[in-house]
Each structure stands twice: as C-alpha cells, then as structure tokens.
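Chemist: Mind having a look at this structure? Questions to follow.
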Amino acid sequence: MVSKEELKSTFAMLPTEKLMEIIDNKFGYTELAVSVAFEELASRKISEEEITNYKFKQIEKLNNYIKKNISHDLAFSQKNLFYFIFVPLLTVPFRQNFREKGFKLKIKQANYYSFLGFIFFALSALFLSQGLSNLFVAAFWIAGFMPAYLMDEFFNRQRQIRKLQRLFGPLKPEESGQEQDA
C-alpha cells in the first residue's frame, strides 16, 4: 500500500494535465490518490489557459473516438476485399491493423462482409451442386455483394451516424469522410 507522502512526492513531479486526468477519472483511482492529486493541483498556480487546453484535449479525444468508431467506415475496396476473401486467415492482418488503431466500426463491418461473403459463397456452392451453370453461380455470388453493401450503408452505418448526431450534434463536413487507410 502506498502512503500519502509517497503519493505526494510522486504527484509533485507529474504535469498538471496528468493531475487533471486523475481528478477527471476519479473512479479509476483510490480516494487517497484523488485527494492528493487535488491537493497538489490546489498548491499550483493553474491558469485559465491550462484548464481550457485540458478541456480542449479531452474534446479532441472524444471527437477522435467518435470518428474512429462511427463515421470512418471501410472503403469500398475494403468492403469488396472482406466480402470476396472471407477466409479469416487471409484477412487477419487487416483486422489486426484496425484493432490496433481502435477502429471498432471497421472491425464490425469486416466481420459483416466476411460473413455475408461466406453465406453467398455457400449458397452459390449449393446451386452449383444442384446442377446450375457455372456462370449463374458466379454471377449470384458477385451480385450478392450489392444487397450486402446496401444493407450496410442504409441500415447499419446510417443508423449509427444518426444515433451519434442525436448525442453529439451533426458532424462537421471534414469529420464525416471515409478514411482510406487499411
């Protein structure tokens, strides 16, 4: 267990912004840690500008979270990739990249397109085993991308964006674009 004096000496070396984060996230710390952080902040001469900068950074973090999880969806080419190459072993590097960057919406969409790609592929294989022509089977699998895309665009993604707009107001035009990196 850490003593109050140890916390005081540790917190005395922390930047003001970190102390503000501790107080802001008081449920993530012990009561003693929060009170020592508050005492340390009270002993410092904190300007209005520092408080404003801290609040601005917190708003930026929230905006980045929103953009990563709601408004930045997969690029059209990525949607095709996950639909037609649905084998998880082949798409793991892409999904891992999304996970590392914190893109939850992209991960959900990747899973959605992979699942529907597999379903339409399985149906195509079933049609092929029933004796239908290869051209029809291939066309069925390829054409299956359109309903998958339309369902995602007009029901899944747009519903999430509307929910976000109700909570936080409309996104600025520069925030609503798609991110093109993988």
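Chemist: Do the sum for the chain: with -39,500 (n - 2.57) for every DSSP H run of n ≥ 4, divided by all residues, what is the mean residue ellipticity at 222 nm, to the nearest 500 deg cm²/dmol?
Modeler: -22000 deg cm²/dmol
Chemist: Right, another one. If you count only protein heavy atoms with a 1.4 Å probe, what accessible area per residue comes out for the range 1-125, rounded to a whole Å²?
Modeler: I get 62 Å² per residue for this part.
Chemist: Relative contact order for the chain using alpha-carbon pairs under 8 Å, separation at least 6, rounded to a whole percent?
Modeler: 23 percent
Chemist: Further question: Where nothing but the Cβ of Lys and Arg (+1) and of Asp and Glu (-1) is charged, how large is the charge dipole of the chain around its Cα centre, in debye to the nearest 20?
Modeler: The calculated dipole for the chain is roughly 580 debye.
Chemist: Of (i) 20.1, 67; (ii) 18.2, 62; (iii) 24.6, 82, which one was derived for Rg and Dmax of the Cα atoms in Å from the structure shown?
Modeler: (iii)
Chemist: Okay, next question. Holding the Cα-Cα limit at 29 Å, pick out from Lys26/Lys67; Lys45/Lys67; Lys4/Lys104; Lys26/Lys108 the pairs that are longer than that.
Modeler: Beyond 29 Å between Cα atoms: Lys45/Lys67; Lys4/Lys104; Lys26/Lys108.
Chemist: Based on the alpha carbon coordinates of the range 90-143, what radius of gyration and maximum Cα-Cα distance (Dmax) apply, in Å?
Modeler: Just the Cα atoms of the range 90-143 yield Rg and Dmax of 14.9, 46 Å.
Chemist: Which order do the peptides 108-118, 84-94 come out in when sorted by mean C-beta neighbours inside 10 angstrom, highest first?
Modeler: Peptide ranking by packing, descending: 108-118, 84-94.
Chemist: Over the range 50-155, what is the relative contact order in percent, taking alpha-carbon pairs closer than 8 angstrom and at least six residues apart?
Modeler: Normalised by residue count, the contact order of the range 50-155 is 27 percent.
Chemist: Hey, what's the Kirkwood Rh for the range 1-82 if you take every pair of different alpha carbons, in angstrom?
Modeler: Evaluated over the range 1-82, this radius sits at 15.2 Å.
Chemist: Tell me, what % of the accessible area of the chain is carbon and sulfur with a 1.4 angstrom probe?
Modeler: After summing per-atom areas, the C and S share lands at 66 percent.
Chemist: Here is a further query. How big is Rg to Rh over the range 35-133, alpha-carbon atoms, Rh as the Kirkwood inverse-mean-distance radius?
Modeler: My calculation of the ratio gives 1.36.
The values are calculated or read from the model by the stated rules, or taken from the named source; none is laboratory data. What you are looking at is a predicted structure, and each value in this text was computed from that prediction instead of being measured. Cβ atoms come from the backbone with ideal geometry, glycine included; neighbour counts cover every protein chain shown. For accessibility, only protein heavy atoms count, side chains too; no ligands or nucleic acids. Shrake-Rupley method; radii C 1.70, N 1.55, O 1.52, S 1.80 Å.
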